[in-house]
Every structure is written in structure tokens, then in C-alpha cells.
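For reference, the structure discussed in these notes is given below.
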Amino acid sequence: MHFLTQPNILIARVIGILAIAAGFLLGIEGLNQPDSIWLPIALVLIVTGLCAQMYAFYRTIMHKMPSRHNQD
């Protein structure tokens, strides 16, 4: 149960997936209604989801790398 020891990674992944999915759904609606606010909101959601995924990836890499304090 690795994900239970690092809940911030799991939370970032879930938020990233949900934000990207919601961004694409709102983007489809925004393309159907070009004068509405949905397209800019969709773009913000997609960028937010990508940032959350990058944070989770960074935390995963940092968690898997051996600590310098343990090597001394």
C-alpha cells in the first residue's frame, strides 16, 4: 500500500485527472458556443490538471530517489 504512505501524490493525481477530464468536457461545450465563458474555463482546468500531474510526478520521483541523509 504505497499510496497510503504518500497521500499528497494520490490526491494530486486524482485532482489532475478530474481537472483534465472536466476541462475537455467544458472545452467541447465551449467550442459549440464560441461566445461563452466555457472555453477559457476549460483551458484553465486543463492547465491546472497538467500542473497537478507534474507535481505528482515530481513527488513520485523524489520519493523513489534514495535520500542523501541515509547514505552518510
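The values are calculated or read from the model by the stated rules, or taken from the named source; none is laboratory data. Not measured: the values here are computed from a predicted model. Don't worry about glycine lacking a Cβ; one is built from the backbone with ideal geometry, like all the others, and counts go over all protein chains shown. Just so you know, the surface numbers come from the protein's heavy atoms only, side chains and all, with ligands and any DNA or RNA stripped out. Shrake-Rupley method; radii C 1.70, N 1.55, O 1.52, S 1.80 Å.
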I'd like to check something: does the range 63-71 contain any residue that is under 19 Å from the mean Cα position of the chain (by Cα), modelled with pLDDT under 95 and not charged (D, E, K, R)?
yes
Failed condition for P7, given (1) open to solvent by less than 60 Å² (accessible area, probe 1.4 Å); (2) modelled with pLDDT under 95; (3) within 17 Å of the chain's Cα centre (by Cα):
(1)
If you scan the range 10-21, which residues turn out to be open to solvent by 90 Å² or more (accessible area, probe 1.4 Å) and closer than 17 Å to I61 by Cα?
I11
Could you tell me which of the residues A42, A52, A56 is open to solvent by less than 70 Å² (accessible area, probe 1.4 Å), closer than 19 Å to I15 by Cα and in contact with a Leu (Cβ under 6 Å, 6 or more places away or on another chain)?
A42
If I ask for residues that are among the aliphatic types (A, V, I, L, M) and free of Cβ contacts under 8 Å to residues at least 12 places away in the same chain, which ones from the range 29-46 would you list?
L31, I37
Failed condition for I37, given (1) more than 10 Å from the chain's Cα centre (by Cα); (2) open to solvent by less than 100 Å² (accessible area, probe 1.4 Å)
(2)
Complete set of residues in the range 22-34 that are part of a helix (DSSP H, G or I) and open to solvent by 50 Å² or more (accessible area, probe 1.4 Å):
F24, L25, I28, E29, L31, N32
